[in-house]
Amino acid sequence: MEGALYGETILFTGALSLPRRQAADMAAKAGCDVVNNASKKATMLVVGIQDAGKLNGYDKGSKHRKVEALILKGSEIQILSERDFSEIVDIDTQSPSP
């Protein structure tokens, strides 16, 4: 098995309920490439909780807004909540890394 997300390129934004490194490791184990910047390479955006104090008056973070702009230009990028991502990779049943 290649992983539930084999071939996907994933990007995280916002605060996650687990350390970002752990989420990235789980995504990699599920078959994803993990990137740090919004670009056409991304096929999935996982959105955590946004800190309103860092949004500069917007309702979404800059990565989220950039991904939405890329989608409007024809990029096929899925936007998922952290919960949806967790269900796909089954993070809740994984033991934390030491």
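The values are calculated or read from the model by the stated rules, or taken from the named source; none is laboratory data. As the structure is a computational prediction, the values presented were derived from the model and not from experiment. We place every Cβ from the backbone using ideal geometry, glycine too, and count neighbours over all the protein chains shown. For the accessible areas, the whole protein counts, side chains as well, though only heavy atoms, and no ligand, DNA or RNA atoms are used. Shrake-Rupley method; radii C 1.70, N 1.55, O 1.52, S 1.80 Å.
List of remarks:
- Residue check for Gly31: on the phi > 0 side of the Ramachandran plot and either modelled with pLDDT of 90 or more or not in a strand (DSSP E or B) (or both): yes
- Residues of the stretch 49-78 that are among the acidic types (Asp, Glu), within 12 Å of Ser39 (Cα to Cα) and open to solvent by 80 Å² or more (accessible area, probe 1.4 Å): Glu76 alone.
- The set of residues in the stretch 40-85 being modelled with pLDDT under 90 and part of a helix (DSSP H, G or I) consists of Ala52, Gly53, Lys54.
- Residue in the stretch 12-19 that is in a loop (DSSP other than H, G, I, E, B) and without any contact (Cβ under 8 Å) to a residue 24 or more places away in the chain present: yes
- Options Leu72, Leu55, Leu5, Leu80: the member that is in contact (Cβ under 8 Å) with a residue 60 or more places away in the chain and not charged (D, E, K, R): Leu5
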